[in-house]
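Working notes for the structure below.
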Protein chains: 2
Amino acid sequence: MTEKSPEAESELRQDEVAVALPPQHDAGLYFIGTIHTPWQTRQECPKRGSLDGPICSIVVDERWRMALTGLAGHRRIQVLYWMQRARRDLVLQTPFSTMRTTGTFALRSPVRPNPIASSIVELVAIGGATLQVRGLDCLDGTPLIDLKPERGASE
Amino acid sequence: MTEKSPEAESELRQDEVAVALPPQHDAGLYFIGTIHTPWQTRQECPKRGSLDGPICSIVVDERWRMALTGLAGHRRIQVLYWMQRARRDLVLQTPFSTMRTTGTFALRSPVRPNPIASSIVELVAIGGATLQVRGLDCLDGTPLIDLKPERGASE
């Protein structure tokens, strides 16, 4: 495991509730590549990716390169990635934007037991193991977990 | 880690290519609950969940129950779950349904480096830590990873 413990970095806001995390993980993820975006801090990230946003690049690790075969035929792709800076122990959160305390599963906040994000992007180009896409809103350097055609696309 | 090694269970089909998996995981997942469906084998599962399909239940572990606060106000929910029986080492696959060999990332097959599925379901009811939903297509007993309001819903 190469994870840090971001819990220590942030304080609880009003009415937020944290729980003890389970003593061990139940399954393991492989990071399969890296996402490059123009955004270096969370404050710079757009709140939601837009299909007419800037082009970002996704670099897939050499090990998985052959798994991109046939992807160029799809225009919209679902991207899963790991929000590695998010704490994982909050069950109630008070987002800055609303200051209304809400359950973690009623929010799309990065702060959640398993900080996996899912975005739909438009595929602009593929060259080698690098994809150019539009529609992301994550930090530069975010670890990639998965790529798949959008649900309902031809399969 | 409680994972089994399903690689040994299945043979390669024509033109399929497997790679060596990385020596270690990069991040760990917590299973946060269990999904109950009418389907005990992969053959019984529908190919794609339907919002007018049967009601299935999602039981969230007690530790995370408070994180459901406010979820009842959302009609459509994104469910992430772990397809624990799928092998993880194929980069080229030959699905039975088409027999056309294709890259893993150009398919929504369960067989992928990180076997995470994403479904949109309709929330029928919540009682305690149990959700009744329509739209799933997974095996009975599938581990739950995350719940969040559908993208674009009020937030």
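If A:LEU21 satisfies all but one of (1) over 26 Å from B:ALA72 (Cα atoms); (2) open to solvent by 30 Å² or more (accessible area, probe 1.4 Å); (3) within 8 Å of chain B (Cβ to nearest Cβ), what's the number of the condition it fails? Looking at each condition in turn, A:LEU21 falls short on (1). Every condition in (1) crowded, with 16+ Cβ neighbours inside 10 Å; (2) more than 12 Å from chain B (Cβ to nearest Cβ) holds for A:VAL60 except the one numbered (2).
Go through the range B:106-155 and give me each residue that's in contact with a Phe, Trp or Tyr (Cβ under 7 Å, 6 or more places away or on another chain) and either among the aliphatic types (A, V, I, L, M) or open to solvent by 20 Å² or more (accessible area, probe 1.4 Å) (or both).
Just the residues of the range B:106-155 that are in contact with a Phe, Trp or Tyr (Cβ under 7 Å, 6 or more places away or on another chain), to begin with: B:113-117, B:138-140, B:142-145, B:147-148.
Hits for the range B:106-155 are B:ILE116, B:ALA117, B:LEU139, B:ASP140, B:LEU144, B:ILE145, B:LEU147.
Restricting the first member to the range B:93-117 and to residues that are more than 7 Å from chain A (Cβ to nearest Cβ), and the second to residues that are in a helix (DSSP H, G or I), the beta-carbon pairs closer than 6 Å and six or more apart or on different chains are B:GLN93/B:THR104. Pairing residues of the range A:9-34 that are within 19 Å of B:ARG88 (Cα to Cα) with residues that are modelled with pLDDT under 95 and hydroxyl-bearing (Ser, Thr, Tyr), at Cβ distances under 7 Å and at least 6 apart in sequence or on separate chains, gives A:ASP26/B:THR2.
If you go through the range B:71-91 one residue at a time, do you hit one that is more than 30 Å from A:SER50 (Cα to Cα), open to solvent by 30 Å² or more (accessible area, probe 1.4 Å) and more than 8 Å from every other protein chain (Cβ to nearest Cβ)? Yes, the range B:71-91 has at least one match. The set of residues in the range A:40-57 being more than 10 Å from chain B (Cβ to nearest Cβ) and either surrounded by 18 or more Cβ atoms within 10 Å (Cβ to Cβ) or of a type in the set (S, T, N, Q) (or both) consists of A:GLN40, A:THR41, A:GLN43, A:CYS45, A:SER50, A:GLY53, A:CYS56, A:SER57. Strands (runs of 3 or more DSSP E) fully within the range B:41-139 that include at least 3 residues being under 23 Å from A:ALA72 (Cβ atoms): B:90-93. Looking only at the range A:109-130, how many residues end up being at pLDDT 95 or above, closer than 20 Å to A:THR98 by Cβ and among the polar types (S, T, N, Q)? Final tally of qualifying residues: 0.
The values are calculated or read from the model by the stated rules, or taken from the named source; none is laboratory data. Just so you know, these numbers come straight off a predicted model, no measurement behind them. Note: ideal-geometry Cβ built from the backbone for every residue, glycine included; neighbour counts use all protein chains shown. Note: areas computed on protein heavy atoms with side chains; ligands, DNA, RNA excluded. Shrake-Rupley method; radii C 1.70, N 1.55, O 1.52, S 1.80 Å.
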